[in-house]
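Structure, as structure tokens:
Computed from the coordinates by the stated procedures, all read-outs in this text should not be read as laboratory data. In this text, all values refer to a predicted model and were calculated from it rather than measured experimentally. With ideal geometry, Cβ positions are generated from the backbone for all residues, glycine too; neighbour counts draw on all protein chains shown.
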Amino acid sequence: MNERRLKFTLNGAPVCVDISTDTLLVDLLRDKLGFTGTKVGCREGQCGACTVLMNGKAVNSCLVLALSVEGSKITTIEGLEDNGEIHPLQKTFIEKGAVQCGFCTPGMILSAKALLDGESDPSEEQVKVALSGNLCRCTGYSKIIEAVQDAARQMKIEGGKEDASKIGR
Ligand code: FES
Ligand code: FES
């Protein structure tokens, strides 16, 4: 088997691993590194269940050769926790009932995060476009869209509070 050494950053921590040259990113994350929050659905780039962030951009990890992430920053759903706190998107998905079976949820949330990192006040249309590659069989999407817009509002409020506390210092 043809093996190569791969180095990248996963959820803020350095990873150095020997893998076969044909390993897909989704399989590296789940099977070799144990990050099973990333789900596998179609393996064809159609369902978005395997979405992770690569340098901040949402990608289907079933279509990415693991060796191509050399030197990159990869974020999975496990990486959204911050000091024991779940991400605002995770909170609003729970609050709005945007999670049913939950299979699509990690991918949905990561696609939504990529959107909110670049757009603090997205329109419904922008949310729909950002999530267009993520399929959900359960929720009918409206609660998911509400959850993303609600998270954007909460993040704006939190960001405003932080700015105010910096000015007050
Ligand atoms: S498993 Fe990757 S897009 Fe469906
Ligand atoms: S919550 Fe079941 S697929 Fe989306």
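If the segment from Glu3 to Cys101 were pulled out straight at 0.36 nm per residue, it would be longer than the present Cα-Cα gap by 31.6 nm. A straight line joining the Cα centroids of segment 1-55 and segment 127-151 runs 24 Å.
Hey, with R₀ at 41 Å, roughly what FRET efficiency would Leu65 and Asp121 work out to, going by the Cβ-Cβ distance, to 0.05? According to the calculation, E is roughly 0.70. FRET efficiency for the Ser142 to Glu44 pair, using the beta carbon distance and R₀ = 25 Å, is estimated at 0.40. Here is how the number arises for the chain: DSSP H runs of 4 or more residues each give -39500 (n - 2.57), the sum is divided by the residue count, and the result at 222 nm is -10500 deg cm²/dmol.
Applying 0.36 nm per residue to the separation of Ser132 and Glu158 and subtracting their alpha-carbon distance, the gain on full extension is 6.6 nm. Considering segment 88-168 at the alpha-carbon level, its Rg and Dmax are found to be 13.2, 47 Å.
With Cα atoms as the point set, segment 1-157 shows a radius of gyration and Dmax of 15.5, 52 Å. Note that segment 82-87 has calculated 3J(HN,Hα) couplings of 10, 6, x, 9, 6, 5 Hz, one per residue in order, obtained from phi through the Karplus relation 6.51 cos²θ - 1.76 cosθ + 1.60 (θ = phi - 60°); glycine and proline are x.
Across segment 3-79, the convex hull enclosing all Cα atoms gives 74 Å³ per residue. Site pair Asn55 and Val17 shows an inter-label distance of 2.0 nm when each label is modelled 7 Å from Cα along Cα→Cβ.
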